[in-house]
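What follows is a single structure, written as structure tokens, with notes after it.
The values are calculated or read from the model by the stated rules, or taken from the named source; none is laboratory data. What you see is a predicted model, and the numbers here were worked out from it, not measured in a lab. Here the Cβ positions follow ideal geometry from the backbone for every residue, glycine too, while neighbour counts run over all protein chains shown.
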Amino acid sequence: MLNQIGEVSTPNIAKLTISVEGFPALYTMQAQGIDLVLLNDTEINQQAVAFLNEYKNEGILKVKFRPTSEVPWQISNESFTALQGNCKSRRKTCKDKEPSKHSTTFEFDARRWSRTLLLQVLNGTEPEMRIAGAIPMYVTVPNEGEVKATNQLQDMGTNVNITDIRGTFNTARMTINNSTQLPIWTTQMDFHPRMASFSPPKTHFPYAPGSNLDYVEMIAFVDRVFPSFIPVQFVQGGIIASYIALVLLVGRLIRGVVTSGPLDVIISEIPNPDYLLKICLDIYLVRESGSRDGNFTLEQDLFAKLIFLFRSPQTLIKWTRYKHIQKGYEFEIKHSWDGKVVPHEPFKISMRWHFERQPGKPHKRVIRVEIRGPLFDDPDPPNEYAGPTPGLWNYEVVELFLPTRKDITWNFYVGPHGHWLVLLHSAYRECFNKGEETELEVQNVHQGAEWICNFEIPLAYMPGNVTKFNAYAIHGSGVERHYEALYAVTDGTFKFFGRIDTRRLIPEDITARHSTI
């Protein structure tokens, strides 16, 4: 299953070498280009479908080696004589010692008959030398490590238990041509009887006219190579190790969500006890009034309501949950202070209530204000850094008025370059507090010729008993100074306001009090 992911990295070249240890190679051949052929559907044996399902057609190669060695047998007379002498003698070897294996090397012990046969071929008394179990028909090219024989296919088609898989390798027939200046070896391959019915037919070698030579072929299964962004340590343990790592990773993520969930609920679903406190206070109030006239019916009803809440957790949670409102207000400044329609896109003002629980901090209870309008950039902004700026009304600015029934007015000024000002007036423009202790979080964004301003008015800054509201947009210099108003001054007075209901801005369970500033 692990071979289903990754990319196929097809080999560009394959090399086959047959040699006698300690002497130059007898046969050396490279296969590349057109000698590396992809197997088609008709050449794939369906009896091996269980194994072949791990590979796609582009991952199965037929490697064809030309029968005649591309390198002459470059052996000196002295080495040739030494080889003949080695073939006559028998070296003592340890039976328990296993030959070492390398990526493209299959070593086997040369028996007495093999040495004798090689000597006869070298002397010219025998036409060819047969090496049984020399070349595997099927090999696997892993994404890393050694090239190995494909045991699943080499052992296919027989019920005999084979302890050494090399017993199913094909036989190599080698002949030497001494007619040239340097001897040249030619190699042919005979199928093992057990593998003949499972192997594709041999391909004739067309470049030797008049000969019956065939290519020396083997089938290579190329494993996929994992992308570079996947760590080797993650996949080198196989598909089981990869699945275990994936399960552990997902389990850790799920555990983090499950374990942190209750903690988040404690913060996000914290109840508001003011409702229960109000019922208790009402019970004490009606008890005092009922004790005078002897009527305790209302007290019994309130007490029954309190008991009902504690007996029903669902109702208690619903009753004590903070109420959030989404109504708010939307305004557009379409007129100048004297009622004339402005010749540009109107300024838009949005006001919304926002409540946010902050772990380890007081909960945030604010009115979020968003202002959108054209950016005139006239006059130039103040020289001071962004922040509270005295005299901001002399620059490009939007001003919000929030008067109370006691004729006390909060004035909020915001400019397009991060400047702001908060003033508190009594009567008409009699400033008795310049808001030195106030702090606004103002964010400005310029999108072309549009100005977007966002800031928050904390509930502590919100005066109590607010019933009226107005807003000004001021810009320009000199005679081009323009004053635009949400509610125009049409009756000849110096100030005019529209009515506002703070219940659309502030939940009923939260009482807006006068600021202590």
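Just one residue in the set ASN454, ASN465 is in contact with a strand residue (DSSP E or B) (Cβ under 6 Å, 6 or more places away or on another chain) and at pLDDT below 90; that residue is ASN465. The sole residue among ASP378, ASP407 that is in contact (Cβ under 8 Å) with a residue 60 or more places away in the chain and either crowded, with 16+ Cβ neighbours inside 10 Å or not hydroxyl-bearing (Ser, Thr, Tyr) (or both) is ASP378.
For LEU440, the conditions (1) touching a residue at least 12 places away in the same chain (Cβ under 8 Å); (2) hydrophobic (A, V, I, L, M, F, W, C); (3) outside any loop (DSSP other than H, G, I, E, B) all hold with the exception of (3). Of the residues that make up segment 151-168, is at least one in the same structural domain as GLY124 (by TED's automatic domain parsing), buried (at least 16 other Cβ atoms within 10 Å of the Cβ) and modelled with pLDDT of 80 or more? Taking every residue of segment 151-168 in turn, none turns out to be in the same structural domain as GLY124 (by TED's automatic domain parsing), buried (at least 16 other Cβ atoms within 10 Å of the Cβ) and modelled with pLDDT of 80 or more. Reported count of residues in segment 450-470, each being surrounded by fewer than 20 Cβ atoms within 10 Å (Cβ to Cβ), in a strand (DSSP E or B) and among the aliphatic types (A, V, I, L, M), is 1. Here MET174, MET195, MET218 are screened, and the one residue that is at pLDDT below 80 and under 22 Å from MET137 (Cα atoms) is MET195. Any residue at all in segment 439-453 that's closer than 21 Å to TYR487 by Cβ and assigned by TED's automatic domain parsing to the domain that holds GLY478? Looking for residues that are closer than 21 Å to TYR487 by Cβ and assigned by TED's automatic domain parsing to the domain that holds GLY478, one finds at least one in segment 439-453, hence yes. One residue stands out among those in segment 344-380 that are of a type in the set (A, V, I, L, M, F, W, C) and within 30 Å of PRO271 (Cβ to Cβ): the one that is modelled with the lowest pLDDT, which is PHE355.
Within the set GLU396, GLU345, GLU356, the sole residue that is in contact (Cβ under 8 Å) with a residue 12 or more places away in the chain and surrounded by fewer than 16 Cβ atoms within 10 Å (Cβ to Cβ) turns out to be GLU345. Among the strands (runs of 3 or more DSSP E) confined to segment 306-419, the ones with at least 3 residues that are in contact with a strand residue (DSSP E or B) (Cβ under 7 Å, 6 or more places away or on another chain) and under 17 Å from TYR487 (Cα atoms) are located at 329-333, 347-356, 397-403, 408-414.
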